[in-house]
Structures are given as structure tokens and as C-alpha cells.
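Worksheet: one structure, shown below.
The values are calculated or read from the model by the stated rules, or taken from the named source; none is laboratory data. The structure displayed is predicted, hence computed values, not measured ones. Note that we place each Cβ from the backbone using ideal geometry, even for glycine, and neighbour counts take in every protein chain shown. Please note that ligands, DNA and RNA were not included when accessible areas were found on the heavy atoms of the full protein model with its side chains. Shrake-Rupley method; radii C 1.70, N 1.55, O 1.52, S 1.80 Å.
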Amino acid sequence: MEKRGRGGKPSSSTASQPPPPRRERRPSMFEREAYTQILKERLRDSIHDVQYVEPPFDDSIADLGKEWKSALAKLKFANSYRMEPLKKFQAHSVETKAQQILKESLKDVKYDDKVFSHLSLELADRILSAVKEFGYHRYKFIIKVLFIQKTGQAINIASRWIWDVAWDSWVAVKQETETYVALALVFALYCE
């Protein structure tokens, strides 16, 4: 049965159309020759910078090296889909380093609210740079430094976070003198 247009006449355009062109099969990433081509296509289309890419699967694929090395030099990588950190946040090592920084910076310092407003920022920066030296990849850090004058009062400090219990963590470090208490909080949040 033929299709007819509004006038009732058979349409001739359907009979004269050539069949649609056949699409070529995309190469598989497991084919040795296609690996380089696929890698180039993915890196070209990538819009996100990724700091870490796992090396090629084995030595035979690593022989394709020139394309792989030139792609790494551009710092435009395909997604690694890494769901866990290379190095898990170690609270005990960060705690000892932060305690050492507080002890060195606050010895023989008396309470002064004007001085402590600048000192808290300086201490937070020093702790952050010390924590970054540990090399925890894909972690974001939040540093809070609080100075509390001792005048016979009580204080409660609370923080609430939504985080992944497996990879996120925090550290609290306290340095106490006769006139004040210094409290440094370090929060480590893993970003996939």
C-alpha cells in the first residue's frame, strides 16, 4: 500500500531515496591498535582537569608511549573514576603536626583579642600548608582556629557535616595556658 499526500497522488520521494549510509563500528578499547585513537578522542573531548590518571594496563600497551606521554604533559586527562583516595587521611599524624605548630607559635603569648584576630588566620594558614605537605590527593581541608579567654565561663562548640564516614575525618588540637585556650579544628573531606 502506498502513502498518498493531500492530493491523493502517490509520493515519489520515498521510492527514490537511497538507503541510509552504514555507520562504521567504533573500535574497542581492548584492541591494541585502537587504544591510542580512543585515548586521543577522549582527551580531546574532556573538559575537566584530573590530577591523576592510572598508567597503561601492561607493558605491551606502554610501548605506544609517545602519545601517552604527550597527553600527560598537557594536563588534560580523561576521568579516572576513582572512588577512593590513594592515601587515606591519617588523623594521628596531622594531629601531632598541628599540636607542634600550636605549641611553637603560642609559647609566651598572652591573651589579646586584637593580636589573636590576625594570629588565628596565620595559624590556620600554617596548619593548612603543613597538612597539604602530607600529600592527601583529592582532599579538601577546612581549618578553624579558635581562641577562648579564660574568665570562668563554660563553652560548647559544635559542628555538623554531611560526609562519607569511610574517607572523611577531622582532628581537634588544644593548647591551654593560664589566660586562654587555643583550639584548632582540621576537617578533611574527600572529593571524588
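Things worth noting here:
- Considering region 126-151, and only residues there that are part of a helix (DSSP H, G or I) and out of contact with any strand residue (DSSP E or B) (no Cβ under 8 Å at 6 or more places or on another chain), the residue that is surrounded by the most Cβ atoms within 10 Å (Cβ to Cβ) turns out to be Arg126.
- In the set (1) in contact with a helix residue (DSSP H, G or I) (Cβ under 6 Å, 6 or more places away or on another chain); (2) open to solvent by less than 30 Å² (accessible area, probe 1.4 Å), the condition left unmet by Gln175 is number (2).
- Only residues that are surrounded by 15 or more Cβ atoms within 10 Å (Cβ to Cβ) and either polar (S, T, N, Q) or under 33 Å from the mean Cα position of the chain (by Cα) (or both) were counted in region 99-124, giving 10.
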